[in-house]
Every structure is written in C-alpha cells, then in structure tokens.
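Heads up, the thing below is written out as structure tokens.
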C-alpha cells in the first residue's frame, strides 16, 4: 500500500488536471483523487466531494490532502469531521498545488510515510511561502505529531552488486549512478577493487575503475539509506539502461577492401578506425584545448584575497555548468540523448567535491589564485584516472581536463586559447594529437570531412561524438605524421581501414574517390526516396505535410534535403544556447534568414509548409549563459514558477521585441509562412 493523495481546488478542471499529471508521473502507482469545484462543478469547494475523494484513496498508510486556499480549508476541515475515526490517517497540506502534488505522488510511490510525503510536498514551496502558511499549518501539527514515526533502522546498511553492463561504472553509467545516489537523504560509500569513493562523487566513482563482472559493496546510512540501495540495485539490474556498449567498432574488411599499401609506400600512416568512412581534402593541424594543467603558472595571493578568489572559482564553475546544460540541450536535439550524456558526466564533475572542494582548499592553504588552484585540483584528478589499468577508464582523464579547461576560460583568457572549429568556412581533414569532447561537439560534417589523431581510441568520447556526427575518423597514428604533414596538404583518409595518405598518388586517389562517390550515390538514393515519400497522398486524397523540428541552420538544411517542407518547431533558444552574450537584432535576423531559406525549392519557390517558430524558451531547466547578465544566476526555490519561458520575455520586454522584429524581418525577406508560438502559452 502507499499514501493516497487528494487534490482540492476551486476549479474542477484544475483539480482533475493536476491529478492526471501527478498520476502520469508515477504511472498509476500512487492512488490519487480529485475534489474540485462546488455543487454542480461551479467554482467553489465541497466538503462532501473531499470526503468522498479521501474515502476513495484511503488505506492503512493514510491520505494527504493538497489544497488551494480560501474556502478549501473550511471544506477540508468539515470533511475531516465527517470522517470521524478515519481523521487520524489524514493530513492537510498547503504546498504548491502542482509541484507539491507531483513531488508527493513520487514520494508516495516509493513507499514513504505520510509525514515524509507531506514534508516532501512542502519542500517545493519557497521559504517565504512557508512562513506565510505557518499559521494555517499549526492547527495540524498536533495531528502530525500523533502519527507514529517510521520504524528504527540500523545505522549502516550494506549491499553487494555485481556489475553486468558492458562498460561497468564508466562515464555514462557512472553519471546515472551518481545522480541517483544524490537524490536520497543518505550517505553512500562505494567499495571496489581495493578502493572506496563517495557515491555522489563522479570523479571518485570513475577512479574506482569498476568493470563488467566486478562486485562492489555499497554502505549506506541515513534516513533513506534502504530505499537508496534498492533503487541502485534496480539500476544495476537494468544495466544502467545501456542499449549499446561503448566498445571498439568492428571493422568490416571484406566490405571495404584495404588499398594496397605498396601503391604508396611513402607518406602513409596507419591508425585505428574510430568512425568509418572515406574523405579527400586539405589538412588542418589543430592544437586541442586539452592543455596540460600542470603547466599552468602558479600565482600566489595575499591572505585578504582568499575569499575573493574562492568566490571567483565558484562563479567560474557555475558558469561552466550553465554552459554545459545549454550544450546538452542542443546536442540532445541534434545528435541524440545518449551522446549528449557525455557532457552530463562533465557537468557532474564540476559539482564534485573531489574537484571543487580540493581547489577551494588549495586557495586557502597554499594561498594561490583560483586559476592555479583549479588547475592543480584538475590535474590531480586527471592523473588518478590515467593511472588506472583500463584504457577505457584512463581516457576519462581527457574529460576532466576538458571540463576544467572550460571553467578556466572564465577565470583567465590567457590560460586557455582555442580555435573556433564551428567557424570553419572551407572543408578540411583535421589533424591533432587528440580532441576533447568539447572540440568535437563544435564540428560540422560539411566543413570537417575527417579526423586523424595520434592519441585516443574507439571508446574515447570524441570518437563517440564523431560517429554520431558521421565524420570519418582514425586514432593512434604515429606522432611523426604531425611533423611531416602541414596545413593545406592534400590528404586521403580511408577510415574504414585505418589509413591516411599525404598527397595520395593517382591510383590511391582514384580508388578513394570511387568509394566516396558510391557513398554519395547511396545517400542520394535515400534522399530521393525521402523526397518521393513526402509527395505521396493518403487513400482519401489528402496530402500530408512533412515538417521538421529543428534547432540550427545545419538541421534546417538536412531536414529540407530529406524531404521536409517546413518547420514544425524551431526552438530558437538552441541557436544561442552556448553564446556568452545575447545576439543583437541584426545577428538574429541573419540566422533566421539562413534557416528560412533552406525551405525554398531549387527554382526559388517557397516551400509549401509553414514555418513555426517558438520565441526564447530559457531559464529553470534550460539555463542559457548569455541570459545571466539579464536575469542573474541565483538559484530559485521553485524554478518551475520562477523566471522561465514567457515570464522572462515579459519581465524583459526588450528581449521579446528584438526577437519578434528579427523574425518578422526574416520572414518578409524570405517570404515564408511564419507562425509564432510563445512558451508556456501556445
């Protein structure tokens, strides 16, 4: 059995809607009843309806009644009097109706007590709201105190788990493990391979090096220790929801016969296939942002500067975290949730005490500035991961250095200097020692034809992103290649067989060109089928429009090529998610024009479908660094009811007016059929 919920509102429609929403969140695991409206469902409340709703969901674990204010309180009190002896199993709560109902439903579905469910619901309110409601709640404190406390539990609980997922507690499963452990009021230690770590430390969990088949021990203490262990056990049984392992891709040598090396014995290098395909183009030598943190110059500070430097560090970490959340949202849209999860692990690293607390301590004890302290802390954690005997886990040192480099950019513009790979104008084949995930996420397949590195491997996060982007890539080449090849040299990349040619001879170039042409022919055939399907009609003669949901210029062009005739939803926040400053009206107009122009036919005719654009939908769960100077970076007690979506636009109307002008000008310039949506309204 679980605690039942009753939703009381002056509006029957509102009460029913909240009950339906909360029910969907728990898939029916929590009994929920609505008691909205007065007699004949007019606006008001009814004691009889509340009584009936309580009786409908009542059970041994009791019922929590969530109320809006006014007559709902009087009606609920009358309903309790009608219940007689059943009253001791019922509590009233003045938590926010929507957020409180959802939180309470989830808490109840996990088997928590009536008191715990009530407390969880009321945590969704801000401190100010709780102070206002305190006099109303005091009448029920005696009843709350009369409810027996949950049974006493031992201080420490233990559980052993044998990892069965393909990669063990690697980046993405480790990220999910840490996020799950952090949701519960419990302290959990993880022991494995002779080491131990806090379950809420992503770096610590990764440093354990737990692989498939390893057995770990979880030690948990605290109020929610038991349920936390049960959820982590279930997570392991579900293989951390991994559908495909991060394993080395199999090379199909029969499908792509290797070019005879004897055809070109000089200027040929062999590597490991990390993303299949063929490319021909000029070289671009690139120095990755994956700097050696140990080379950052150490700078001392005076004692009175310690507090200021610690605050600078916190601000840099928070800003970098906001950037990552924006990048995650963009990548989920463009290449998929699985690949975007790479950066979720990085976001957890920024919050990890193993990194942040170590850096703060370095500032105080060593009296060094924030840049020096963060570099030292980051290098310590990266070196610990590199020391692991598993290449899969050792490669996560790249992620640590990558995310630390991101934060360092907000502390000093001299420490990390990088080339903007997203701004490349001409197609190139990229050569580097290694690429970080941040480097790779910038790449566009139309300007980066291939990737060749001397470090890394198929399981590196940069390789995973390259495969998702469809960019041919090899890794593990000889360092000599970077000494011989110069920017601008013509290269031939046979990533299927792990070969790179500098100035390919005629025979090699011809074979590569033939395979490239065949790949393009197959893609063209698929495009033709997609475009043909878009022209079909239903059996009753109706023609259905094929629209695409997009978030960038590249996606607009790809959608048009695959037969889309318009835009079902353009999420404008993705266009500027990673920007540090808000684009002005003219910059917005230019980007909208580039997107809208993708939906013109070859003859210049406009596409037949509409273009639906949603104005800026940012804030709360969609942080946008460029907005920090406008709305601030403070954490809201109840972000779902705070500054987000249309509320930001209405509070800062110049933002909305500027965006609307840019959209209208772009629509007039391109002649598309523009439809506007407003977040939280349409």
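The values are calculated or read from the model by the stated rules, or taken from the named source; none is laboratory data. Just so you know, these numbers come straight off a predicted model, no measurement behind them. Cβ coordinates were reconstructed from backbone atoms using ideal geometry, including for glycine residues, and neighbour counts include every protein chain displayed.
Remarks
Yes or no, residue by residue, for (1) assigned by TED's automatic domain parsing to the domain that holds residue 472; (2) assigned to a helix (DSSP H, G or I); (3) modelled with pLDDT of 90 or more; (4) touching a helix residue (DSSP H, G or I) at 6+ places or on another chain (Cβ under 8 Å):
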{"residue": "501", "(1), (2), (3), (4)": "yes, no, yes, yes"}
{"residue": "512", "(1), (2), (3), (4)": "no, yes, yes, no"}
{"residue": "521", "(1), (2), (3), (4)": "no, yes, no, no"}
{"residue": "527", "(1), (2), (3), (4)": "no, yes, no, yes"}
{"residue": "532", "(1), (2), (3), (4)": "no, yes, no, no"}
{"residue": "540", "(1), (2), (3), (4)": "no, no, no, no"}
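- Subset of the range 88-121 that is assigned to a loop (DSSP other than H, G, I, E, B) and within 22 Å of residue 74 (Cα to Cα) - its residue that is modelled with the highest pLDDT: 96
- Checking residue 546 against (1) touching a helix residue (DSSP H, G or I) at 6+ places or on another chain (Cβ under 9 Å); (2) at pLDDT 80 or above; (3) within 30 Å of residue 438 (Cβ to Cβ), the condition it does not meet: (3)
- Condition check for residue 354: buried (at least 20 other Cβ atoms within 10 Å of the Cβ), in contact (Cβ under 8 Å) with a residue 12 or more places away in the chain and more than 30 Å from residue 469 (Cβ to Cβ): yes
- Filter result for residue 594 (at negative phi, at pLDDT 75 or above and under 28 Å from the mean Cα position of the chain (by Cα)): yes
- Meets criteria (farther than 19 Å from residue 446 by Cβ, out of contact with any helix residue (DSSP H, G or I) (no Cβ under 6 Å at 6 or more places or on another chain) and at pLDDT below 90) for residue 601: yes
- Filter result (in contact (Cβ under 8 Å) with a residue 12 or more places away in the chain, out of contact with any helix residue (DSSP H, G or I) (no Cβ under 8 Å at 6 or more places or on another chain) and in a helix (DSSP H, G or I)) within the range 362-397: 391, 392
- Residue in the range 472-488 that is out of contact with any strand residue (DSSP E or B) (no Cβ under 6 Å at 6 or more places or on another chain), over 17 Å from residue 269 (Cβ atoms) and assigned to a helix (DSSP H, G or I) present: no
- Here the range 198-223 is the region considered, the condition is being in contact (Cβ under 8 Å) with a residue 60 or more places away in the chain and either in the same structural domain as residue 356 (by TED's automatic domain parsing) or within 20 Å of residue 391 (Cα to Cα) (or both), and the residue that is surrounded by the fewest Cβ atoms within 10 Å (Cβ to Cβ) is 211.
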